[in-house]
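Where a number appears in this text, it was derived from the coordinates with a stated rule and is not lab data. Being a predicted model, the structure only gives us computed values, none of them experimental. Note: ideal-geometry Cβ built from the backbone for every residue, glycine included; neighbour counts use all protein chains shown.
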Amino acid sequence: MQTEEEKNTLYILAQIDEIQGNTLDFVGKLFYVKKMVEKDSKIFIGQIKEQFPDGTLIGPWWNKIISSFIQKMKETPFEMQTKEDQIALYLLAQIDEIQGNTLDFFGKLLYVKRMVERNPKITIGTTKDQFPDGTIIGPWWRCTVSKFIEKMKETPIEMQTEEEKTALYILAQIDELQGNTLDFTGRLLYVKKMVEKDPKVAISTTKERFPDGTLIGPWWNKIISSFIQKMKETPFEMQTKEDQIALYLLAQIDELQGNTLDFVGRLLYVKKLVEKDSKIFIGQIKDQFPDGTVIGSWWRITVSKFVKRMNDTPLASQTEEDKRALQLIEEIYEILAMNKSNQQVLRRKR
C-alpha cells in the first residue's frame, strides 16, 4: 500500500514529466485523467479536448482505449492480470467513484476489497459506508453476496463463467485479508492457486498457511487422504455437489502437478473432455493424461476390459469404486448421446 507521501511524490514526478512534455504510460495517463476528474467530477471524459503532455487528445484516446481494455480484463482471469492491469482497474474504479457512477457486481467486490485492505477488521455486513451510487454496502453484502455464494455452490465449477470464477477469487482474497477460515472447497481453491504459481510445490510438506493460520502441509496430510478414501466408498449418486467439486479441484491440482490419475480420476478427466466436445471420438483422442498416457489407447484397451469384467461380475461383488466407475462411463455415453461410432456393449448386472 502506497503512503500519501509516496502518492504525492509520484504525482509531482508526473508533473515534472508534464512540464517536459514526456509521454505517459497507460497507468500514467489514467493518473492524469483521475487528477482532471478530481478537479471537475462532472467532466465528460470522452469529450475532453485537452491533451496529454505528449500531445495526444484525451477524449479520443479514452474512447478508443478504455472500452477495449475493460473488455480484455473481463476475459482475463484475475490471477493472469499483471500488477499494472490491476492498478489500472483500480484507477478506473476510483474515477468511477469520483464521478458517482454505478459499479457492476465485479466492480463492487473490488471496491469492498480495497476497503478491507485499508481496514481488515471492518465488519462488511454492518458497514454503513456507501458505493459511489449511494447503495449502502452492508445490506448489499448480506443480501447479494450471500445469494451469489449459494448459487455458486450449486453451480458445477466447469459451468461457472470466467467472471464468476474471478468474483469467487476476489471473495477468497477478502476472506484472506480478514483472516477468515476457509471451508473445505475454499481451502482446495487456495491450494490450487498456490500450485498454479509453483507446480513443483510439495503440498504435503509446505510450511505456508491458510488465512486463519492453519499450516497447509499437515492439513493436507491429515484431511485429503481420508477424504479420497471416503469418496471411494461413497456411491456416486450419494456424493454431495460439494464432494464432486472438491474431487474436481483435486483432479485439477493433480493435473497441474503432472501426477498420475487413478482409474476413476481418468474417467472424470475423460468426462470433462466430452462435456467440452460431445462429438469427440474417445478411442482416437491423441491428447494425454497428466502422466503422458495417450487417452485414446487407454480408453480402447483398459475401459473395454473393465466393462467386460464388470459384465461378468455379479452386482453384489462389485466394489463401490467399480460402481462409481460404471456410473461415470454411463454418464460419458449419455453425453455422447450413445453415438454409434462410440458405442461399446455396456450391460450392467442388476
* trypsin sites (Lys or Arg not before Pro) restricted to DSSP loop in segment 234-301 with at most 13 other C-beta within 10 Å -> 279, 286
* What is the spin-label model distance, in nm, from residue 165 to residue 122 if the labels are put 7 Å beyond Cα along the C-beta direction? -> 2.9 nm
* Structure fact -> Taking 0.36 nm per residue of separation between residue 279 and residue 241 and subtracting their Cα-Cα distance, the length gained on full extension comes to 11.0 nm
* the chain: relative contact order in percent, alpha carbon pairs under 8 Å with at least 6 residues between -> 10 percent
* Asked: Not counting the cut sites, what is the longest span of the chain without GluC sites (Glu not before Pro) that DSSP labels loop and that have at most 13 other Cβ atoms within 10 Å?
  -> 234-350
* How much length is gained if the chain between residue 35 and residue 288 is pulled fully straight, taking 0.36 nm per residue apart and subtracting their Cα-Cα distance, in nm to one decimal? -> 85.8 nm
* For the chain, fraction of C-alpha pairs farther apart than 24 Å, in % -> 67 percent
* What is the gain in length, in nm to one decimal, between residue 8 and residue 144 on full extension, counting 0.36 nm per residue of separation less the C-alpha to C-alpha distance? -> 45.3 nm
* **Most positive-pole-ward Cα, 77, 58, 89, against dipole of segment 1-101 from beta carbon charges** => 58
* Once both labels are modelled 7 Å past Cα along the beta-carbon direction, what's the residue 321-residue 86 spacing in nm? -> 4.1 nm
* Structure fact -> Note to self, the chain gives a 222 nm [θ] from helices alone (DSSP H runs n ≥ 4, -39500 (n - 2.57) apiece, / all residues, nearest 500) of -18000 deg cm²/dmol
* To do: With +1 on each Lys and Arg Cβ and -1 on each Asp and Glu Cβ, and nothing else charged, work out how big the dipole of the chain is about its Cα centre, in Debye to the nearest 20.
  => 1280 debye
